[in-house]
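Below is one structure, written out as structure tokens; the observations come after it.
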Amino acid sequence: MARNKPKLAVWKFSSCDGCQLSLIDCEDELLAITEEVRISYFLEATRKVEKGPYDVSLVEGSITTPHDIKAIRDVRKQSKVLVTIGACATAGGIQALRNFRNVKEYIQCVYAHPEYIDTLTTSTAVSDHVPVDFELRGCPIDKHQLLEVLNATLNGRKPNIPHHSQCIECKQNNVVCRMVATGTPCLGPVTQAGCGTLCPRHDRGCYGCFGPMETPNTAALAAHLKELGASGRDVQRLFRSFNANAEAFRKESESHG
Amino acid sequence: MPGVDASITTAVVFDRGGLDALIAALKAKGFHVVGPRVADDAVVYADLDAASDLPAGWGDEQEGGRYRLTRRKDGALFGYTSGVQGWKRHLYPPRQKLFAARRDGQGFAILPPDPPAAPLALIGVRACELAAIAKQAKVFGDRDFADPGYQGRLASAFVVAVECGEAGGTCFCAAMGTGPAVETGFDIKMVEVIDKARHVFVATAGSAAGAKVLDGLKAPAAAEADKAAAAARVAKAAKQAKTLDAKAAARLKEHPDHARWDDVARRCMTCGNCTMVCPTCFCTTVEDTTDLKGEHAERWRNWDSCFTIDFSYIHGGAIRTEVKSRYRQWITHKLSTWHDQFGSSGCVGCGRCITWCPVGIDITAEATAITEGARKAAAGGSKKAATSGGKGR
Ligand code: SF4
Ligand code: SF4
Ligand code: SF4
Ligand code: SF4
Ligand code: SF4
């Protein structure tokens, strides 16, 4: 069945480019994707640029400057479907650690000419500024999930992206629980699944890079982490990483220290 | 298929070499042999090549939210309690393809199913696990619509049960009436006997297929002393620290508004570990996948949990949004409404949901707390009945 090739755009805001790289990292599948969509705007991959509107926009990065706010509104206007990709775009990213500190002081310390710096005092998610159609979590995102969202969008079906805990994925993948079997602190019970159980599979606790799961009981986990020997400061640091500004993690981190 | 009610041969006895011969014989018959081995700091059920893969000299310590492998001095091969996950992931895999289809003009054509996998030989099945398999067999086939996948895998399976010599810290099979003695559902059952003089396995067959395999081992008949030692080991395993009043727990559904539900909701993370490791939990969700071009589609059935929001999603939203309603669903189904649905408790007392709950929530403690008032009233009532009975005489 012949379909019109939808136009795909990939945008970058404040971010490390890692999530866009996940798309390039699709390698074999990337060729299949280019057969199904027209890559109209993707500066990381090609200098060839086509004007909007776009059928699907993938947005990487958080909103950290006044210019970002204008730009994301413009992207929204030009996009039928807007999908944010990665912890930066969905929660503000690691750079949202600034939200807990005085940014003006930082600028004074770091830059020789602070007057040149035009920045917001916060790093926030794209959805704090414009409506978003779908969020893909992760730092970075999982390429299978990215393919799944593109695939589902092309075929007009619901993407198979669960919002439950990482623990369920651990069990489905037959990974022995690190927290129960070794006492390793793990954020998996309050973290959304989707990474393919990367860390527990390699004898690491989950660092929460996929952000809060659908109904995160962070207080119960924090209490247990303390029973395992973590200090209040340790607990705060665990919740304050890639998704520090996601509401559930932010609130939990604020009640420890 | 296992299923004959009692041991149909007299007991024989063999050593580790005999066990190796047993595994080799099953492999030679084309079975995919699965059994306990150590991986990732725990005993898991995985592919076995020989008896040397078994967890020799390993035991475990289990309590709510905590599991540790331990070294045993006696070199026992079956000295652990039970594998992290039961046999569910073999008999009822976490992802099962229901069908595949190809676009065909305006419609679609269903593709032929994949050929069935090799039959399973399960080595080291515990009494509670046999009970769990029987419960799932009922779920997947006792009613009008049998599940051909589950029933097929079970019918072709060869089951080597191993009776427990000691119970783990979270076991309560004795209270649920499912163990530790193995009574039914096996092809061969064994007890591991270790003392100063010997390290042997006392085995009996429970089916014609089991008897044939045992015959092939040409093992000598067990002496009375072997049988007595085996019985003593199983009796020891029946002494369990954890217990549950299964009758009182069956009435959990009468307490939907108990204050304890709010209390457990503060501790429960809705992570779903308990349902995933429970050997009787059977819930799944259906997922459709396509290729990019939309020419090929597949329908999959994946393990699900009543702790997810999507589980109770119907038109307009999810029904069980609160933690307490999801925790209540899980244990009420397990201990109480399972009786209405399948005529028994859905819990076999294996203790996995307690051990593998990261925060150690204990189904026996919760059920006891919630039914306590009713249990006390019932105890008072029966005392009264006994007194009045006395008067009548
Ligand atoms: S390792 Fe972490 S994510 Fe996996 S089951 Fe245990 S607590 Fe959950
Ligand atoms: S286990 Fe956790 S931290 Fe590790 S990749 Fe997955 S979501 Fe990220
Ligand atoms: S409810 Fe818990 S103890 Fe009972 S069978 Fe399931 S996992 Fe085992
Ligand atoms: S307890 Fe929950 S997951 Fe388990 S069988 Fe019942 S409804 Fe399904
Ligand atoms: S009872 Fe324990 S394992 Fe089950 S969902 Fe709650 S926290 Fe997770």
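General observations
- The lone criterion from (1) of a type outside the set (Lys, Arg); (2) in contact (Cβ under 8 Å) with a residue 40 or more places away in the chain; (3) touching a helix residue (DSSP H, G or I) at 6+ places or on another chain (Cβ under 8 Å) left unmet by B:Gly272 is number (2).
Table: residues versus (1) out of contact with any Cys (no Cβ under 9 Å at 6 or more places or on another chain); (2) among the basic types (Lys, Arg); (3) in a loop (DSSP other than H, G, I, E, B).
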| residue | (1), (2), (3) |
| --- | --- |
| A:Arg47 | yes, yes, yes |
| A:Val56 | yes, no, no |
| A:Val75 | yes, no, no |
| A:Asn99 | yes, no, no |
| A:Lys104 | yes, yes, no |
| A:Ala112 | yes, no, yes |
| A:Asp118 | yes, no, yes |
| A:Cys139 | no, no, yes |
| A:Leu150 | yes, no, no |
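- Selection within the stretch B:219-265 - small (Gly, Ala, Ser) and either under 30 Å from A:Ala219 (Cβ atoms) or assigned to a loop (DSSP other than H, G, I, E, B) (or both): B:Ala219, B:Ala222, B:Ala223, B:Ala238, B:Ala241, B:Ala249, B:Ala250, B:Ala259, B:Ala265
- Residues that are surrounded by fewer than 24 Cβ atoms within 10 Å (Cβ to Cβ) and either within 19 Å of the chain's Cα centre (by Cα) or assigned by TED's automatic domain parsing to the domain that holds A:Phe249 (or both) number at least 3 in the following helices (runs of 4 or more DSSP H) confined to the stretch A:161-215: A:198-201.
- Filter result for the condition that a residue is in a loop (DSSP other than H, G, I, E, B), small (Gly, Ala, Ser) and in contact with a strand residue (DSSP E or B) (Cβ under 6 Å, 6 or more places away or on another chain), over B:Gly79, B:Gly86: B:Gly79
- Some residue of the stretch B:281-289 being facing another protein chain (nearest Cβ under 10 Å), within 16 Å of ligand 4 (Cβ to nearest atom), part of a helix (DSSP H, G or I) and modelled with pLDDT of 95 or more: no
- Matching residues in the stretch A:155-197 - criterion: being basic (Lys, Arg) and more than 8 Å from ligand 1 (Cβ to nearest atom): A:Arg157, A:Lys158
- Single residue of B:Gly30, B:Gly3 found to be more than 14 Å from every other protein chain (Cβ to nearest Cβ), assigned to a loop (DSSP other than H, G, I, E, B) and modelled with pLDDT of 95 or more: B:Gly30
- Residue match in the stretch B:154-176 (condition: under 30 Å from B:Arg66 (Cβ atoms), within 14 Å of chain A (Cβ to nearest Cβ), surrounded by fewer than 21 Cβ atoms within 10 Å (Cβ to Cβ) and more than 16 Å from ligand 5 (Cβ to nearest atom)): yes
- Odd one out for B:His296, checked against (1) within 16 Å of ligand 5 (Cβ to nearest atom); (2) of a type outside the set (A, V, I, L, M); (3) within 14 Å of chain A (Cβ to nearest Cβ): (1)
The values are calculated or read from the model by the stated rules, or taken from the named source; none is laboratory data. None of these values were measured; they are calculated from a predicted model. Quick reminder, even Gly has a Cβ in these numbers, built from the backbone with ideal geometry, and neighbours come from all protein chains shown.
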